[in-house]
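Read-outs throughout are calculated quantities, based only on the coordinates presented, and are distinct from any laboratory measurement. All of these numbers come straight from a predicted model, not from anything done at the bench. Quick reminder, even Gly has a Cβ in these numbers, built from the backbone with ideal geometry, and neighbours come from all protein chains shown.
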Amino acid sequence: MKKIIIIGGGIAGLSAGIYSLQNGYEVALYEKNATPGGECTGWNRQGYHIDNCIHWLTGSTPANDLYPIWKNIGALTDDTTLYREPYFYCLHRDGKTLHFWSDPEKARAEFLEAAPEDSLEINKLFDHIRLSESVRVPCEKSLADMNLIEYLKFGMTMANMGKVINEYGNDTIADLAARFQNPLVREMITQYLHTSYKAITLLSSIGFYTGGSAAIPMGGSVGMIKRITDRFLSLGGKLYPNMPAINIKLDGHQAKSVSFADGSEVSCDFVICAADPAVTFDKLLPAKYMDKNLRKMYEIKEGYHVSSVFQISFGILGPEDCGLPCGSSVHPCEPYRVGKSDFDHIGIRLYDYDESLFPVDKRVILCNIPQEIADYEYWKTLHADRPRYLAEKEKIAEVIKHHICHLFPALENRLIILDTYSPYTFTKWCGAYKGAYMSFFEQKGYKSLTAKNSIRGLSNVFLASQWLSTNGGLPMAAVSGRFAAMKLMKKDKKISKSSRT
Ligand SMILES: Cc1cc2nc3c(=O)[nH]c(=O)nc-3n(C[C@H](O)[C@H](O)[C@H](O)COP(=O)(O)OP(=O)(O)OC[C@H]3O[C@@H](n4cnc5c(N)ncnc54)[C@H](O)[C@@H]3O)c2cc1C
């Protein structure tokens with residue numbers, strides 16, 4: 001059996017491992033942390049559970065192309081119960097409320113009632129959200145490897161998106177909001193993503209809910225990672241935690257071995273780099289091997305943005321009702337500052353839907369505060385002065401706690417701060433580029449890009465990561481693992497054939 005070393009045990013690395021094992025390879029997966037999962041993780045604090053990742057897993061219905069992948073890697077099993085949220089998010093202001101309900105007609109009716117003056121644009125928006133439900137992730141072949149005909153064929157499978165692109169393709173979120181006169185509707189639209197991001201990203205995100213593709217598997221992020229890891233191990237994969245790779249040793253156009261921080265060196269036939277590419281091309285391989293599309297995303301800063309979050313989690317004391325809306329809700333509040341950015345809204349998410357993780361007396365609130373690159377740099381610098389870093393995080397947590405208690409007086413004296421983490425935490429944990437937890441978001445006027453899973457100039461090294469495509473997320477990570485394994489097998493067959501002839 002030929003031996004593959006996989007560097008990085010996130011979703012992409014585990015997926016690459018499972019598909020490689022199923023193709024008959026020996027797989028050794030090396031992960032820098034004590035546990036696999038990467039950004040898809042969760043942990044316990046003071047008897048409460050913090051789910052860091054899954055707000056939504058797209059492709060959770062059998063009709064979706066992603067579904068067989070989730071099933072194959074064990075993310076979803078026949079026993080996995082799925083929770084479908086009633087809405088994507090809602091906005092509460094002065095006793096008025098708007099929801100992006102998962103039932104699009106319910107949402108349309110609510111918007112029309114709140115803003116009859118915008119009926120034309122509201123109807124247009126919800127018609128196009130329905131059309132956006134046709135968005136698909138390529139699961140059979142990477143977009144980077146498709147020829148023109150394959151690309152056009154794939155595009156035809158989501159023909160409805162053409163109409164969405166015609167209507168909103170040139171809009172940013174700010175442009176989309178400006179189509180409406182009603183201030184509540186405008187406020188609602190600008191609260192999910194940075195206003196410079198493409199409007200289509202918002203529409204297709206809502207479309208995942210209205211189309212029924214988004215769900216949360218019970219057991220949360222840790223449950224899902226455990227199922228995937230079990231699948232990997234059951235197929236004979238070997239997992240080596242606490243093993244940061246420091247270098248891939250090259251001999252001409254071939255990788256010969258991988259060396260690790262503990263001084264060991266392991267030889268192999270193939271390597272799949274499933275760490276964040278910012279790690280791969282900074283530490284493991286010379287940057288010259290970076291794919292041209294990936295390089296574009298890093299270099300064209302005005303065209304491809306990354307963002308992160310500052311997060312605070314609170315435990316709720318006691319089982320009594322506290323008046324919080326379920327799921328994700330946004331509320332205006334007094335101005336506050338986090339990093340270098342100012343805010344006048346607070347986004348909170350209540351974790352109460354999974355009894356196994358959040359029993360009624362152990363419910364959790366997570367506040368997710370968007371952060372940009374300037375904020376990341378601020379946190380990175382501050383981190384060097386540990387006492388100040390901790391004090392600043394604590395100060396922000398107290399401010400947010402005050403705002404939440406002001407909004408929901410039934411929570412007064414019932415919130416305990418469980419954890420605070422800055423964008424820099426994601427870099428320390430996973431090596432995340434600028435603390436970003438999704439990939440690059442293409443901006444208005446810039447194309448969505450996909451990088452190849454193979455590396456030009458290296459015959460036996462492959463890449464798997466959410467970062468190979470714009471937008472990223474769990475689906476991109478999982479399919480990129482599959483594509484890396486497919487590419488590797490194809491290359492291996494070619495090498496074997498040429499060595500026979
Ligand atoms: C707060 C948050 C919420 C999110 N919510 C969602 C959601 O609701 N839906 C969704 O689809 N996505 C969500 N995501 C995004 C999702 O978690 C990521 O897209 C996905 O987990 C990325 O997987 P990956 O394998 O590409 O990368 P990673 O998870 O970064 O995995 C890379 C792995 O490589 C390891 N590594 C790094 N350097 C080395 C080294 N030198 N040697 C060995 N190992 C190394 C890292 O420790 C890590 O385990 C969220 C992310 C976060 C942080």
message = Taking just the alpha-carbon atoms of segment 203-250, what radius of gyration and Dmax come out, in angstrom?
response = 17.3, 49
Mean-position separation - Cα centroids, segment 192-217 and segment 420-489, in angstrom = 20 Å
ask   = Say a paramagnetic label sat at a point 7 Å from the Cα of D94, along Cα to Cβ; which residues of segment 330-354 have their backbone N under 18 Å from it?
value = 330-335, 344-346
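Between A410 and S496, take the C-beta separation as r, use R0 = 60 Å, and let me know the FRET efficiency to the nearest 0.05.
Numbers: r = 67 Å, r/R0 = 1.12.
Between A410 and S496 the formula returns 0.35.
How would you rank L390, L458, L463, going from fewest to most other Cβ atoms within 10 Å of each one's own Cβ? Don't skip to the answer; put the middle values down first.
On the way: L390 13, L458 18, L463 30.
Result, fewest neighbours first: L390, L458, L463.
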task = Sort out for me the Cα centre separation of segment 317-344 from segment 77-142, rounded to whole Å.
result = 21 Å
remark   = If the chain between S196 and N123 were fully extended at 0.36 nm per residue, the gain over the current Cα-Cα distance would be 23.9 nm
remark   = Listed by chain and number, the residues whose amide H is under 5 Å from that of L76, excluding neighbours fewer than 5 places away on the same chain and using placed H, are K71
request  = Would you check segment 86-213 for Lys pairs whose C-alpha atoms are within less than 29 Å, ignoring same-chain pairs closer than 8 in sequence, and give me the count?
outcome  = 15
note = Rounded to 0.05, the calculated FRET efficiency for the beta carbons of H402 and S356 at R₀ = 35 Å is 0.65
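Using Cα pairs closer than 8 Å and at least 6 residues apart in sequence, work out the relative contact order for segment 1-115, in percent.
Numbers: 117 pairs, mean separation 16.0, N = 115.
After rounding, I find 14 percent.
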Added length on full extension, which subtracts the Cα-Cα distance from 0.36 nm per residue, D103 to R456 = 122.4 nm
request  = Take the Cα of K283, step 7 Å along the line toward its Cβ, and report every residue of segment 466-501 whose backbone nitrogen sits under 18 Å from that point.
outcome  = 466-467
task = Could I have the simple spin-label model distance between D65 and R337, label points 7 Å from Cα toward Cβ, reported in nm to one decimal?
result = 4.7 nm
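Nearest 0.05, what FRET efficiency do K292 and E150 give at R0 = 25 Å with Cβ-Cβ as r?
Working: r = 20 Å, r/R0 = 0.79.
Plugging the Cβ-Cβ distance into 1/(1 + (r/R0)^6) gives 0.80.
By how many nm would the segment from S264 to Q22 grow when fully extended, if each residue of separation counts as 0.36 nm and the alpha-carbon distance is taken off? Could you put the intermediate results ahead of the total?
On the way: separation 242, 0.36 × 242 = 87.12 nm, distance 2.76 nm.
The span from S264 to Q22 would gain 84.4 nm if fully extended.
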ask   = Considering the chain, which cysteines have no disulfide-compatible partner, defined as another cysteine with its Cβ under 4.7 Å away?
value = C90, C139, C268, C273, C322, C326, C333, C367, C405, C430
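If you take every DSSP beta bridge fully contained in the chain, what fraction is antiparallel? Give it as a percent rounded to 5.
Working: 55 of 73 bridges.
Just about 75 percent of them are antiparallel.
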request  = Quickly work out the S234-to-M1 label distance, labels modelled 7 Å from Cα along the C-beta direction, and quote it in nm with one decimal.
outcome  = 1.7 nm
task = Rounded to the nearest Å, what's the spacing between the alpha carbon centres of segment 16-57 and segment 237-264? Just the number, please.
result = 19 Å
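Hey, which of these cross-link pairs are over 32 Å Cα-Cα: K301/K493; K256/K380; K428/K452; K32/K401? Walk me through the numbers before you get to the answer.
Numbers: K301/K493 39 Å; K256/K380 35 Å; K428/K452 26 Å; K32/K401 34 Å.
In this structure, K301/K493; K256/K380; K32/K401 exceed 32 Å between Cα atoms.
State which stretch of the chain is the longest one without any exposed trypsin sites (Lys or Arg not before Pro), exposure meaning a DSSP loop state and at most 13 other Cβ atoms within 10 Å. Could the numbers behind the result be given before it?
Working: sites that count: K301, K447, R456.
That gives 1-300 as the longest site-free run.
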